[in-house]
Amino acid sequence: MKFSVTLSFTNFFLWTTIFCSALEAIEVDNLPISSFVPGGIAVIRIQPIGKSASYIGKKVMLVDYEESQFAVIGIPLDTAPGLQRLKVEHSSGLTSNHDFTVKEKRYQEQRLTISNNRQVNPNENDMQRINRESIEMRAAFAHWTEELTPNFQMIAPVDGVKSSSFGLRRFFNDQPRAPHSGMDIAAPEGAPISAPADGVVLSTGNYFFNGNTIILDHGFGLISLYCHMNTIDVANGQRVKTGEQIGQVGKTGRVTGPHLHWSINLNGSRVDPVLFLN
Ligand SMILES: [Zn+2]
(Lines give C-alpha, C1' and ligand atoms only; values in the text may rest on other atoms or scores of the structure.)
Protein backbone atom coordinates (compact mmCIF):
# COMPACT_ATOMS: atom_id res chain seq x y z
CA MET A 1 0.00 0.00 0.00
CA LYS A 2 2.90 2.36 0.71
CA PHE A 3 4.05 2.75 -2.88
CA SER A 4 0.73 4.29 -3.91
CA VAL A 5 1.32 7.26 -1.62
CA THR A 6 4.51 8.21 -3.44
CA LEU A 7 2.73 8.56 -6.78
CA SER A 8 1.18 11.92 -7.58
CA PHE A 9 -2.44 12.53 -8.51
CA THR A 10 -1.44 13.41 -12.07
CA ASN A 11 -0.76 9.70 -12.39
CA PHE A 12 -4.24 8.94 -11.12
CA PHE A 13 -5.20 6.43 -13.79
CA LEU A 14 -1.88 4.65 -13.64
CA TRP A 15 -2.15 4.75 -9.87
CA THR A 16 -5.65 3.27 -9.95
CA THR A 17 -4.57 0.49 -12.29
CA ILE A 18 -1.57 -0.50 -10.20
CA PHE A 19 -3.47 -0.12 -6.97
CA CYS A 20 -6.44 -2.18 -8.08
CA SER A 21 -4.37 -4.96 -9.56
CA ALA A 22 -2.42 -5.19 -6.32
CA LEU A 23 -5.25 -4.90 -3.82
CA GLU A 24 -8.45 -5.21 -5.89
CA ALA A 25 -10.21 -2.51 -3.87
CA ILE A 26 -10.18 1.23 -3.22
CA GLU A 27 -8.49 2.44 -0.06
CA VAL A 28 -10.81 4.39 2.27
CA ASP A 29 -10.27 6.42 5.47
CA ASN A 30 -13.29 5.07 7.34
CA LEU A 31 -16.17 2.60 7.23
CA PRO A 32 -19.89 3.21 7.78
CA ILE A 33 -21.63 1.97 10.92
CA SER A 34 -22.64 -1.66 10.42
CA SER A 35 -26.28 -2.60 11.02
CA PHE A 36 -27.53 -6.02 9.90
CA VAL A 37 -31.20 -5.06 9.49
CA PRO A 38 -33.43 -4.20 6.51
CA GLY A 39 -32.33 -0.71 5.41
CA GLY A 40 -29.00 -1.21 7.19
CA ILE A 41 -25.43 -1.84 6.04
CA ALA A 42 -23.49 -5.10 6.33
CA VAL A 43 -19.75 -4.47 6.61
CA ILE A 44 -17.98 -7.80 6.17
CA ARG A 45 -14.24 -8.57 6.18
CA ILE A 46 -13.24 -10.47 3.04
CA GLN A 47 -10.38 -12.94 3.40
CA PRO A 48 -8.76 -13.98 1.11
CA ILE A 49 -9.31 -10.71 -0.74
CA GLY A 50 -11.65 -10.56 -3.71
CA LYS A 51 -11.62 -8.91 -7.12
CA SER A 52 -15.36 -8.12 -7.24
CA ALA A 53 -18.48 -8.89 -5.24
CA SER A 54 -22.23 -9.12 -5.78
CA TYR A 55 -25.36 -9.37 -3.65
CA ILE A 56 -28.83 -10.25 -5.02
CA GLY A 57 -27.40 -9.79 -8.51
CA LYS A 58 -25.96 -6.31 -7.88
CA LYS A 59 -22.34 -5.20 -7.78
CA VAL A 60 -21.16 -4.43 -4.25
CA MET A 61 -18.20 -2.26 -3.31
CA LEU A 62 -15.02 -3.75 -1.91
CA VAL A 63 -12.82 -1.34 0.03
CA ASP A 64 -9.43 -1.48 1.66
CA TYR A 65 -9.37 -0.22 5.22
CA GLU A 66 -6.46 -0.57 7.65
CA GLU A 67 -4.75 -3.35 5.65
CA SER A 68 -7.92 -5.46 5.35
CA GLN A 69 -10.54 -5.75 2.66
CA PHE A 70 -14.23 -5.19 3.45
CA ALA A 71 -17.46 -5.52 1.49
CA VAL A 72 -19.87 -2.65 2.25
CA ILE A 73 -23.37 -3.95 1.46
CA GLY A 74 -26.63 -2.01 1.40
CA ILE A 75 -29.51 -4.21 2.62
CA PRO A 76 -32.89 -3.43 0.97
CA LEU A 77 -35.74 -2.33 3.25
CA ASP A 78 -37.93 -5.23 2.08
CA THR A 79 -35.39 -7.92 3.07
CA ALA A 80 -36.89 -10.74 5.16
CA PRO A 81 -34.93 -11.61 8.31
CA GLY A 82 -32.58 -14.56 7.84
CA LEU A 83 -29.51 -15.66 5.94
CA GLN A 84 -28.21 -13.52 3.05
CA ARG A 85 -25.38 -14.37 0.68
CA LEU A 86 -22.57 -12.21 -0.75
CA LYS A 87 -20.69 -13.73 -3.68
CA VAL A 88 -17.03 -12.80 -4.10
CA GLU A 89 -14.92 -13.43 -7.18
CA HIS A 90 -11.19 -13.81 -6.71
CA SER A 91 -8.28 -13.11 -9.08
CA SER A 92 -7.65 -16.85 -9.23
CA GLY A 93 -11.02 -17.27 -10.95
CA LEU A 94 -12.49 -18.96 -7.88
CA THR A 95 -15.61 -17.63 -6.17
CA SER A 96 -16.53 -17.73 -2.50
CA ASN A 97 -19.79 -17.20 -0.61
CA HIS A 98 -20.02 -15.04 2.48
CA ASP A 99 -23.24 -15.55 4.41
CA PHE A 100 -24.57 -13.03 6.90
CA THR A 101 -27.73 -12.84 8.98
CA VAL A 102 -30.22 -9.99 8.72
CA LYS A 103 -32.13 -9.40 11.94
CA GLU A 104 -35.74 -8.27 12.11
CA LYS A 105 -36.42 -4.56 12.52
CA ARG A 106 -39.99 -3.46 12.96
CA TYR A 107 -40.35 0.08 11.65
CA GLN A 108 -43.17 2.20 13.08
CA GLU A 109 -46.19 3.45 11.19
CA GLN A 110 -46.52 7.06 10.12
CA ARG A 111 -49.81 8.65 9.03
CA LEU A 112 -49.71 11.87 7.01
CA THR A 113 -52.42 14.07 5.57
CA ILE A 114 -51.77 15.49 2.11
CA SER A 115 -54.15 18.26 0.96
CA ASN A 116 -53.42 17.73 -2.76
CA ASN A 117 -55.26 14.45 -3.40
CA ARG A 118 -53.52 13.98 -6.78
CA GLN A 119 -50.28 13.41 -4.86
CA VAL A 120 -51.95 10.47 -3.11
CA ASN A 121 -54.14 9.22 -5.97
CA PRO A 122 -52.41 10.42 -9.16
CA ASN A 123 -54.39 10.53 -12.42
CA GLU A 124 -53.41 8.62 -15.57
CA ASN A 125 -51.11 11.37 -16.90
CA ASP A 126 -49.46 11.68 -13.50
CA MET A 127 -48.91 7.90 -13.44
CA GLN A 128 -47.14 8.01 -16.81
CA ARG A 129 -44.86 10.72 -15.47
CA ILE A 130 -44.30 8.84 -12.17
CA ASN A 131 -43.39 5.62 -14.00
CA ARG A 132 -40.97 7.47 -16.30
CA GLU A 133 -39.37 9.18 -13.31
CA SER A 134 -39.04 6.00 -11.30
CA ILE A 135 -37.16 4.34 -14.20
CA GLU A 136 -34.84 7.40 -14.32
CA MET A 137 -34.27 7.20 -10.56
CA ARG A 138 -33.51 3.48 -10.59
CA ALA A 139 -30.99 4.01 -13.41
CA ALA A 140 -29.30 6.80 -11.43
CA PHE A 141 -29.12 4.64 -8.29
CA ALA A 142 -27.53 1.82 -10.32
CA HIS A 143 -24.73 4.12 -11.52
CA TRP A 144 -21.22 2.86 -10.84
CA THR A 145 -18.00 4.84 -11.13
CA GLU A 146 -14.55 3.99 -9.79
CA GLU A 147 -13.20 7.49 -10.35
CA LEU A 148 -14.40 8.74 -6.96
CA THR A 149 -13.34 7.54 -3.51
CA PRO A 150 -16.35 7.10 -1.22
CA ASN A 151 -16.30 8.75 2.19
CA PHE A 152 -18.62 7.16 4.76
CA GLN A 153 -18.27 9.87 7.40
CA MET A 154 -20.64 12.56 6.24
CA ILE A 155 -21.80 15.89 7.62
CA ALA A 156 -25.52 16.63 7.94
CA PRO A 157 -26.56 18.32 4.67
CA VAL A 158 -28.65 20.94 6.46
CA ASP A 159 -28.95 22.43 9.97
CA GLY A 160 -32.28 21.35 11.36
CA VAL A 161 -34.27 18.78 13.27
CA LYS A 162 -33.24 15.32 12.06
CA SER A 163 -36.21 12.97 12.29
CA SER A 164 -35.68 9.25 12.73
CA SER A 165 -38.18 8.74 9.94
CA PHE A 166 -36.19 6.30 7.78
CA GLY A 167 -38.11 3.07 7.11
CA LEU A 168 -41.45 4.25 8.53
CA ARG A 169 -44.42 2.35 7.09
CA ARG A 170 -46.35 5.18 5.54
CA PHE A 171 -50.01 5.96 5.11
CA PHE A 172 -51.02 9.03 3.13
CA ASN A 173 -54.63 10.07 3.82
CA ASP A 174 -55.05 6.59 5.41
CA GLN A 175 -53.85 4.75 2.29
CA PRO A 176 -50.74 2.51 2.55
CA ARG A 177 -47.80 3.60 0.39
CA ALA A 178 -44.09 2.70 0.03
CA PRO A 179 -42.02 2.94 3.23
CA HIS A 180 -40.06 6.13 3.84
CA SER A 181 -36.70 5.68 2.15
CA GLY A 182 -34.71 8.54 3.66
CA MET A 183 -34.23 10.97 6.51
CA ASP A 184 -36.35 14.12 6.72
CA ILE A 185 -34.64 17.19 8.15
CA ALA A 186 -36.98 20.03 9.05
CA ALA A 187 -35.59 23.47 8.22
CA PRO A 188 -37.05 26.77 7.02
CA GLU A 189 -37.53 27.46 3.32
CA GLY A 190 -34.31 28.87 1.88
CA ALA A 191 -31.96 27.22 4.42
CA PRO A 192 -28.73 26.21 2.64
CA ILE A 193 -28.19 22.53 1.78
CA SER A 194 -24.58 21.37 1.58
CA ALA A 195 -22.90 18.34 0.07
CA PRO A 196 -22.38 15.91 3.00
CA ALA A 197 -19.31 14.44 1.28
CA ASP A 198 -17.27 15.00 -1.89
CA GLY A 199 -19.05 13.91 -5.05
CA VAL A 200 -20.20 14.64 -8.58
CA VAL A 201 -23.70 15.83 -9.55
CA LEU A 202 -25.18 12.81 -11.34
CA SER A 203 -28.51 14.44 -12.19
CA THR A 204 -30.91 17.25 -11.31
CA GLY A 205 -34.58 17.71 -12.12
CA ASN A 206 -38.15 18.28 -11.02
CA TYR A 207 -40.09 15.15 -10.06
CA PHE A 208 -43.75 14.50 -9.26
CA PHE A 209 -43.23 13.25 -5.68
CA ASN A 210 -39.67 14.45 -4.99
CA GLY A 211 -40.01 18.00 -6.34
CA ASN A 212 -36.71 19.73 -7.15
CA THR A 213 -34.09 17.03 -6.79
CA ILE A 214 -30.32 16.52 -6.90
CA ILE A 215 -28.54 13.17 -7.09
CA LEU A 216 -24.87 13.07 -6.04
CA ASP A 217 -22.48 10.27 -6.93
CA HIS A 218 -19.81 9.45 -4.34
CA GLY A 219 -18.30 6.48 -6.18
CA PHE A 220 -18.55 2.67 -6.11
CA GLY A 221 -22.35 2.62 -5.92
CA LEU A 222 -22.67 5.14 -3.05
CA ILE A 223 -25.24 7.69 -4.26
CA SER A 224 -27.19 10.34 -2.34
CA LEU A 225 -30.48 12.10 -3.09
CA TYR A 226 -31.85 15.55 -2.04
CA CYS A 227 -35.55 16.33 -2.55
CA HIS A 228 -38.24 19.02 -2.23
CA MET A 229 -35.67 21.78 -2.78
CA ASN A 230 -36.54 25.40 -3.32
CA THR A 231 -33.53 26.02 -5.59
CA ILE A 232 -30.95 23.76 -7.21
CA ASP A 233 -27.58 25.54 -7.13
CA VAL A 234 -25.46 23.01 -9.07
CA ALA A 235 -25.34 21.61 -12.61
CA ASN A 236 -25.04 18.07 -13.95
CA GLY A 237 -21.46 16.83 -13.98
CA GLN A 238 -20.28 19.43 -11.45
CA ARG A 239 -17.79 18.30 -8.80
CA VAL A 240 -18.77 19.29 -5.26
CA LYS A 241 -16.73 19.34 -2.06
CA THR A 242 -17.93 18.50 1.46
CA GLY A 243 -19.82 21.50 2.85
CA GLU A 244 -20.31 23.21 -0.52
CA GLN A 245 -23.83 24.59 -1.01
CA ILE A 246 -25.86 22.60 -3.56
CA GLY A 247 -29.30 24.14 -3.06
CA GLN A 248 -31.91 25.47 -0.64
CA VAL A 249 -34.63 23.85 1.45
CA GLY A 250 -38.10 24.07 -0.07
CA LYS A 251 -41.49 22.38 -0.19
CA THR A 252 -41.72 21.20 -3.82
CA GLY A 253 -43.34 17.81 -4.58
CA ARG A 254 -45.33 15.78 -2.04
CA VAL A 255 -44.74 17.46 1.32
CA THR A 256 -46.59 18.65 4.38
CA GLY A 257 -44.14 21.55 4.91
CA PRO A 258 -40.60 22.71 4.08
CA HIS A 259 -37.89 20.10 4.78
CA LEU A 260 -35.04 18.25 3.14
CA HIS A 261 -35.58 14.61 2.24
CA TRP A 262 -32.14 12.97 2.18
CA SER A 263 -31.64 9.41 0.92
CA ILE A 264 -28.53 7.28 0.57
CA ASN A 265 -28.20 4.37 -1.84
CA LEU A 266 -25.66 1.59 -1.63
CA ASN A 267 -25.63 -1.03 -4.40
CA GLY A 268 -29.10 0.24 -5.39
CA SER A 269 -30.58 -0.18 -1.87
CA ARG A 270 -31.85 2.75 0.16
CA VAL A 271 -30.11 2.63 3.55
CA ASP A 272 -30.50 4.69 6.72
CA PRO A 273 -28.52 7.97 6.37
CA VAL A 274 -27.96 8.04 10.14
CA LEU A 275 -25.34 5.29 9.64
CA PHE A 276 -23.12 7.90 7.91
CA LEU A 277 -23.48 10.60 10.58
CA ASN A 278 -21.06 9.98 13.41
ZN1 LIG B 1 -38.90 12.20 3.25
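The values are calculated or read from the model by the stated rules, or taken from the named source; none is laboratory data. Nothing here was measured: the structure is a model prediction, and the numbers come from that model. When we count neighbours, we look across all protein chains shown, and the Cβ atoms used for this are built from the backbone with ideal geometry, even at glycine. Side chains included, ligands, DNA and RNA excluded: accessible areas come from the protein's heavy atoms. Shrake-Rupley method; radii C 1.70, N 1.55, O 1.52, S 1.80 Å.
Things to note:
- The peptide list 27-36, 99-108, put in order of mean Cβ contacts within 10 Å with the highest first, becomes 27-36, 99-108.
- Nearest 10 degrees, 0 to 90: helix 124-141 Cα axis against the chain principal axis: 20 degrees
- Dipole moment magnitude, nearest 20 debye, region 109-276 about Cα centre, only Lys, Arg, Asp, Glu C-beta charged: 440 debye
- The protection proxy used here, the mean number of other Cβ atoms lying within 10 Å of each residue, ranks peptides 210-222, 37-49, 238-250 as follows, highest first: 210-222, 37-49, 238-250.
- Residue-by-residue Karplus 3J(HN,Hα) for region 147-152, coefficients 6.51, -1.76, 1.60, Hz, glycine and proline x: 9, 10, 9, x, 10, 8
- Probe 1.4 Å, protein heavy atoms only - accessible area per residue of region 127-173 in square angstrom: 56 Å²
- Heavy-atom accessible surface of the chain: percent carbon and sulfur, 1.4 Å: 51 percent
- Residues whose placed amide H lies under 5 Å from that of L77, excluding near-sequence neighbours: G39, R270
- Comparing A140, Q153, N236 along the charge dipole axis of the chain, the residue lying farthest to the positive side is A140, per the Cβ-charge model.
- Of all lysines in the structure, the ones whose alpha carbon falls short of 27 Å from that of K162, not counting any fewer than 8 places away in one chain, are K103, K105, K241, K251.
- Rounded to the nearest whole Hz, the Karplus-based 3J(HN,Hα) values (6.51 cos²θ - 1.76 cosθ + 1.60, θ = phi - 60°) of region 173-183 follow the sequence 6, 6, 10, x, 9, 4, x, 6, 9, x, 10, with x at glycine and proline.
- Between the listed residues S181, N117, I214, the Cα displaced farthest toward the positive end of the dipole of the chain, a dipole computed from Cβ unit charges relative to the Cα centre, is found at N117.
- Per-residue 3J(HN,Hα) values for region 109-122, derived from phi via the Karplus relation 6.51 cos²θ - 1.76 cosθ + 1.60 with θ = phi - 60°, read 8, 9, 10, 10, 10, 10, 6, 7, 4, 4, 7, 9, 10, x Hz in sequence order (x marks Gly and Pro).
- Taking the centroid of alpha carbons for each part, region 44-108 and region 143-199 are 24 Å apart.
- The calculated pair-distance distribution of region 109-276 uses every alpha carbon pair, bins of 5 angstrom beginning at 0, and gives 2, 9, 18, 23, 23, 15, 8, 3, 0 percent.
- The amide H of E27, built 1.01 Å from its N in the peptide plane, has D64 as neighbours under 5 Å, considering only residues 5 or more places off or on other chains.
- Contact order normalised by residue count of the chain, Cα under 8 Å, 6+ apart, percent: 18 percent
- Straight-line cross-link reach from K58 at under 16 Å between alpha-carbon atoms covers these lysines, not counting any fewer than eight positions away in the same chain: K87.
- Kirkwood Rh, Cα atoms: Rg over Rh of region 33-175: 1.04
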